[in-house]
Amino acid sequence: MKVATWNVNGIRARAAQLREWLEHERPDVICLQEIKATPDQVPRDLCELGEHWCFWHGARAYSGVGLLVRRELAEVRPESAHPPFDHDCRIVVVELGEVTAASVYVPNGNRDLPGKLRFLEGMATWAQECRTAGRPLLICGDLNVARTDADVHPKERKAGIVGQLPEERALLEALLAEGDLVDLCRALHPEEDRLYTWWAPWRNLRQRNIGWRIDYVLASAPLAARASSFASQREVGTSDHAPVVVVLG
DNA sequence: ATGTCACATCTAATGTGA
């Protein structure tokens, strides 16, 4: 099973490249963030893929997430939901048989850091509930936190800036621990320190690969055990984030 | 301190969120 996540930074502006990438990559599960569109504003050709069940959870001007599931994975349209800590259309959860899959866009936190921390706490609590219920989790998306210094290019490392704060990192670790989740990038590439997924959109930082790793695929241990590849596609698209693609089994 | 981009609004230039 191929799982992909991409913060597209505007699904309308990125519709053509998203469609082309989907046709080429053909993922089974696609998690999208920052669609910046209400469900009825999502370009029609992306709603009518035919091969996928589509779940759109979008606000007008910013934020918004989507989750697409290949129909072979679910005979009937799966149930979808939004956990109680959701706001600004930042998470959509779909029940895929045994597995609970989520597309999530954690608040950036520059404007409201306490709100970001509450969101991360909410995620950790929710992940723990899923674990207690015995439901394997697959969380994909833009968590807006670089896990460690190794996840930020040395030129971008800075103490005290949002995205690299100890309290954010502690909450990310709490999410992993309480949900018994594996950070698939780190599991598959423990030593690789240039697997960034976001680059500030100026001074050719992306081209020079001076970036941050803030987009993740997190999976419960049984799912993670099946992971065979992880890629951040730095050359794909014009969003400030790269698509991330993982293969399970 | 700076830089770019998508989308919004009093549809042209400016604000916002990131």
- Message: For region A:82-115, which positions are surrounded by 16 or more Cβ atoms within 10 Å (Cβ to Cβ), more than 16 Å from DNA strand B (Cβ to nearest atom) and under 20 Å from residue A:175 (Cα atoms)?
- Response: A:83, A:92, A:93, A:94, A:99, A:100, A:101, A:102
- Looking at this structure, is residue A:143 crowded, with 23+ Cβ neighbours inside 10 Å, of a type outside the set (Phe, Trp, Tyr) and at pLDDT 95 or above? yes
- Quick one: would you say residue A:140 is out of contact with any helix residue (DSSP H, G or I) (no Cβ under 9 Å at 6 or more places or on another chain) and under 19 Å from residue A:181 (Cβ atoms)? yes
- Within region A:99-191, helices (runs of 4 or more DSSP H) holding 2 or more residues that are under 23 Å from residue A:87 (Cα atoms): A:113-132, A:166-178
- Within region A:62-98, how many residues are in a loop (DSSP other than H, G, I, E, B) and touching a Cys at 6+ places or on another chain (Cβ under 6 Å)? 2
- Query: Would you pick out the residues in region A:146-163 that are of a type outside the set (A, V, I, L, M), farther than 19 Å from residue A:202 by Cα and either away from DNA strand B (no atom under 14 Å from the Cβ) or crowded, with 20+ Cβ neighbours inside 10 Å (or both)?
  - Reply: A:147, A:148, A:149, A:151
- Residue set A:172, A:188, A:184, A:176; condition more than 16 Å from DNA strand B (Cβ to nearest atom), under 16 Å from the mean Cα position of the chain (by Cα), modelled with pLDDT of 95 or more and surrounded by fewer than 20 Cβ atoms within 10 Å (Cβ to Cβ); output residue A:176
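The values are calculated or read from the model by the stated rules, or taken from the named source; none is laboratory data. Quantities reported herein were computed from a predicted structural model and do not represent experimental measurements. FYI the Cβ positions are ideal-geometry reconstructions off the backbone, even for glycines, and counts take in every protein chain you see.
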